[in-house]
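Report on one structure; see the data block that follows.
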Amino acid sequence: MTAAGARKVLEGVRVVEQGTFITGPAAGMLLGDLGADVIKVEMPGTGDPFRAFKGGLYSPHFQTYNRNKRSIALDTKEARDREVLDALIARADIYIQNFRPGVADKLGVGEARLRALNPRLVYCAISGFGATGPAAGRPAYDTVAQAASGFLKLLVNPENPRVVGPAIADALTGFYAAYGAMGALIERGRTDVGRTVEVSMLEAMAHFNLDAFTHWFQAGEVMGPYSRPSVSQSYVLACADGRWIALHMSSPEKFWQGLARAIEEPHLFDDARFATREARIANQEALIGYLGERFARRPLAHWCERLAGEDVPHAPMYATDEALEDPQARHLELMASAVHPTMGLFRTVRSPVSFDGARALDVRPPPTLDEHGAEIRAALAAAHATMAAG
């Protein structure tokens, strides 16, 4: 079932997003994915700095977090543009910004001023280290937040220390901001009063790192990069054709019995190092070598068939250009697309949330800078004229 013609859960909710790079735009995108009318306010000429990454004003970086939005270019230092912004705020349900603490007030979009324009406004402020405290004024980007929260140390290989992986802290902070904004919006339905929602990258990543902190608080254990994979018995193994497979054996013994049959090693558990879960955890390095030697004998397709037949938790370790071609991914229609009138085909991964069986397949391509400026101004003028006539 598709989402064509289906009412979205945030339809009718109006969001003004004055975000740049990832955290603020990610929060706006998540609300837009659920049907909110998200108006992205950008600086004339340049817009969100992420637009120009590697040249141009429509980079893949910008496209990632700016679908399902409309764009208007406003210089809030100019009186006319400030009037347009004020009119948008007066009609908005949520406002999102990710400026450094203090910058919003300098730009005339601080909480107190916007609250005076709209007492029902949910004001969402995203920062790196929080609004107050000794580090409040420090610049923060993804890797900085990962490191400060203790999360990065769980990812970095101590034998070859280097930053790996995507911008987890940026994206997750956007998720937490949207989560907080929706909570405040639900409460406003009961109180008719808006809230100020604050979230920092440090707070978001510390919460996301909850498992490691719980082990420290409750057991005095400081987790490292191999702690969870050892306990969960997770593996990545090279196959004969140079492709890789991932296993997550967890704790049920049936999975290990299935694995032993799949690799045709019925005497696996005769070895005391691998006979029990506790032994396998203690001897994971040896088990990696044991399994690695056997998986290297056959290609990936062989192992997928064998493991599926024994109900062993596994998946090919796909690259980005492979993952969405998997039959299950194709069945779930994870890729959504639309055509922008000037920028052409836009493809993305749809929202993972379905309502009443309807997948979120319809998507609005990321806007070009000020693409909707004229229509937004016209709508505001019409609304003002209607109010004046009434």
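Some observations on this one:
- Between Tyr65, Tyr95, Tyr141, Tyr58, the distinction of being surrounded by fewer than 18 Cβ atoms within 10 Å (Cβ to Cβ), modelled with pLDDT of 95 or more and aromatic (Phe, Trp, Tyr) belongs to Tyr141 only.
- Residues within the stretch 236-247 that are in contact with a helix residue (DSSP H, G or I) (Cβ under 6 Å, 6 or more places away or on another chain) and not in a loop (DSSP other than H, G, I, E, B), tallied: 2
- Neighbours by Cβ (under 9 Å, 6+ apart or cross-chain): first from the stretch 329-342, more than 14 Å from Val363 (Cα to Cα); second assigned to a strand (DSSP E or B) and not basic (Lys, Arg): Ala329/Met335
- Candidate set: the stretch 262-272, residues that are surrounded by fewer than 16 Cβ atoms within 10 Å (Cβ to Cβ) and part of a helix (DSSP H, G or I); chosen: the one nearest to the chain's Cα centre (by Cα): Ala272
- Here is the figure for the stretch 195-235: residues that are more than 25 Å from Pro313 (Cα to Cα), aromatic (Phe, Trp, Tyr) and in contact with a helix residue (DSSP H, G or I) (Cβ under 8 Å, 6 or more places away or on another chain) total 1.
- Arg350 vs. criteria open to solvent by less than 30 Å² (accessible area, probe 1.4 Å), within 25 Å of the chain's Cα centre (by Cα) and charged (D, E, K, R): yes
- Just one of the listed residues (His215, His207) is touching an Asp or Glu at 6+ places or on another chain (Cβ under 7 Å) and either more than 30 Å from Ile96 (Cα to Cα) or not in a strand (DSSP E or B) (or both), and it is His215.
- Residue count for the stretch 1-55, restricted to those that are in a strand (DSSP E or B) and either surrounded by fewer than 24 Cβ atoms within 10 Å (Cβ to Cβ) or out of contact with any Phe, Trp or Tyr (no Cβ under 7 Å at 6 or more places or on another chain) (or both): 11
- Hey, Ala112 at pLDDT 95 or above, hydrophobic (A, V, I, L, M, F, W, C), open to solvent by 40 Å² or more (accessible area, probe 1.4 Å) and under 24 Å from Leu380 (Cα atoms) or not: yes
- Here Phe213 fulfils each of the conditions (1) surrounded by 17 or more Cβ atoms within 10 Å (Cβ to Cβ); (2) under 22 Å from the mean Cα position of the chain (by Cα); (3) among the hydrophobic types (A, V, I, L, M, F, W, C) apart from (1).
- Residues that are over 22 Å from Thr64 (Cβ atoms) and either open to solvent by 50 Å² or more (accessible area, probe 1.4 Å) or free of Cβ contacts under 8 Å to residues at least 40 places away in the same chain (or both), drawn from the stretch 306-328: Arg306, Ala308, Gly309, Glu310, Asp311, His314, Met317, Pro327, Gln328
The values are calculated or read from the model by the stated rules, or taken from the named source; none is laboratory data. Predicted model, so just to flag it, every value in this text is computed and none were measured. Neighbour counts are summed over all protein chains in view; Cβ atoms, including those assigned to glycine, are modelled from backbone coordinates with ideal geometry. Areas reflect the complete protein model, heavy atoms only, side chains present, ligands, DNA and RNA absent. Shrake-Rupley method; radii C 1.70, N 1.55, O 1.52, S 1.80 Å.
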